[in-house]
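Written below as structure tokens is the structure these notes are about.
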Amino acid sequence: MFEGGPAWDRIVEREPKWAGVFFWHLAPMLLITAGLEGWGLRHWGKWLSAYQGYKRFPGETIILYEVGQVLLNLFLILVCARLIKMLGRTFHGRTTYTFTRAFATVVYGLSPMFLLRLVDPFPTVNPMYTWLPGIVLSIWVLYDGLPRLLQPDPTHALGLYMTSAIVLFLCTGLIRVITGLYLMGNTGFAHSFIGRKIIEWLGP
């Protein structure tokens, strides 16, 4: 985020592998943010204007929320990587274009957004307050990274960047709205089929 082009150049030189990107960057990033937010919900709760006070969450709800959020974000990244890969093939027809590079672009590009989520544990921080500046920073970072990793034709680089930025903005915003609604008690995920399966898997 602070080095821009040189940092992306080092990523390209290493030729990122999906396993390395997942286990050394994405998984720790998701687990750390989920763990810290869960700790904050457990100890402080969350200020909700609808309640005009702090709402406390039981341990089962916190675990379900954080597990669901990790899975949603993982699904989001895979879908965005797939969409950007398809967009890349639309803008240029290189047969060497790989899902791994699209995956690395999304994971490293969204790092600023996940970095700002480190302040989510604080009870008065609204989830949208960390998402909006985070996704703006991510889109800014992608300006240097996307052309280096995906290597589109120069005439198509701006178009690929703009469409990819729109995809990330809309998808991450949708996930943030879903998780925010859950915190406010406006969704019944705990009573859904997936929610019950997660509770059964976690045990009593």
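Nothing in this text is a laboratory measurement; each read-out follows from the coordinates by a stated rule. Predicted model, so just to flag it, every value in this text is computed and none were measured. Quick reminder, even Gly has a Cβ in these numbers, built from the backbone with ideal geometry, and neighbours come from all protein chains shown.
Excluding residue 32 itself, calculate the net charge of residues whose Cβ lies under 15 Å from the Cβ of residue 32, where each Lys or Arg counts +1 and each Asp or Glu counts -1. The partial results should precede the final answer.
Details: positive: 117; negative: 37, 66, 120.
Charge balance near residue 32 sits at -2.
Using +1 on the beta carbon of Lys and Arg, -1 on that of Asp and Glu, and nothing else charged, what's the dipole of region 5-52 about the Cα centre, debye to 20? Don't skip to the answer; put the middle values down first.
On the way: 5 positive and 4 negative charges, 40 e Å.
For region 5-52, the charge dipole is close to 200 debye.
In debye to the nearest 20, how big a dipole does region 58-184 give about its Cα centre with +1 on each Lys and Arg Cβ and -1 on each Asp and Glu Cβ? Let's see the in-between values first.
Working: 8 positive and 5 negative charges, 92 e Å.
So the magnitude is around 440 debye.
How long is the gain from residue 126 to residue 143 if the chain were fully straight, where each residue apart is worth 0.36 nm and the alpha carbon distance is subtracted? Don't skip to the answer; put the middle values down first.
Numbers: separation 17, 0.36 × 17 = 6.12 nm, distance 2.73 nm.
Extra length available between residue 126 and residue 143 comes to 3.4 nm.
Which of the three applies to region 108-157, rounded, prolate or oblate, going by the alpha-carbon gyration tensor with a ≥ b ≥ c and a/c under 1.5 meaning rounded? Walk me through the numbers on the way to the answer.
Values: a/c = 5.87, a/b = 3.30, b/c = 1.78.
Prolate, because a/c is 1.5 or more and a/b exceeds b/c.
Cα gyration tensor of region 5-202, axes a ≥ b ≥ c as square roots of the eigenvalues: rounded (a/c below 1.5), prolate (a/b > b/c) or oblate? If you can, show how the numbers build up before the last one.
Values: a/c = 2.21, a/b = 2.01, b/c = 1.10.
Prolate, because a/c is 1.5 or more and a/b exceeds b/c.
How do 47, 24 line up, fewest other C-beta atoms within 10 Å first? Before the final figure, lay out each step's value.
Working: 47 15, 24 11.
So the residues, fewest neighbours to most, are 24, 47.
Taking the highest mean first, how do the peptides 142-149, 82-89, 122-129 order by number of other beta carbon atoms within 10 angstrom per residue?
Working: 142-149: 20.0, 82-89: 18.1, 122-129: 14.1.
The densest-packed peptide leads the list: 142-149, 82-89, 122-129.
Kindly state, to the nearest 0.05, the FRET efficiency for residue 178 paired with residue 25, given R0 = 22 Å and r defined as their beta-carbon distance. Don't skip to the end; give the middle numbers.
Working: r = 24 Å, r/R0 = 1.09.
The computed FRET efficiency comes out at 0.40.
If you take every residue apart from residue 72 with its C-beta less than 12 Å away from the C-beta of residue 72, what net charge results, scoring Lys and Arg +1 and Asp and Glu -1? Walk me through the numbers before you get to the answer.
Numbers: positive: 176; negative: 66.
Its environment carries a net charge of 0.
Of 124, 182, 150, whose Cα points farthest to the positive end of the dipole of region 5-202 (charges on the beta-carbon: +1 Lys, Arg; -1 Asp, Glu; origin at the Cα centre)?
Of the candidates, 182 comes out farthest on the positive side.
How much length, in nm to one decimal, is gained on full extension between residue 48 and residue 86, taken as 0.36 nm per residue of separation minus their Cα-Cα distance?
Values: separation 38, 0.36 × 38 = 13.68 nm, distance 3.98 nm.
Difference between extended and current length: 9.7 nm.
What is the spin-label model distance, in nm, from residue 119 to residue 158 if the labels are put 7 Å beyond Cα along the C-beta direction?
Inter-label distance under the simple model: 3.3 nm.
If all Cα-Cα distances of region 97-137 are sorted into 5 Å bins from 0 onward, what percent lands in each bin, rounded to whole numbers?
The distribution over region 97-137 is 6, 24, 24, 16, 13, 10, 5, 2, 1, given as percents.
If I stretch the segment between residue 98 and residue 9 completely, what's the gain in nm (0.36 nm per residue apart, minus their alpha carbon distance), one decimal?
Numbers: separation 89, 0.36 × 89 = 32.04 nm, distance 1.77 nm.
Length difference between fully extended and current span is 30.3 nm.
For region 22-78, report the % of Cα-Cα distances exceeding 15 Å. Don't jump to the answer; show the numbers that get you there.
Working: 864 of 1596 pairs.
Here the long-distance tail beyond 15 Å is 54 percent of all Cα pairs in region 22-78.
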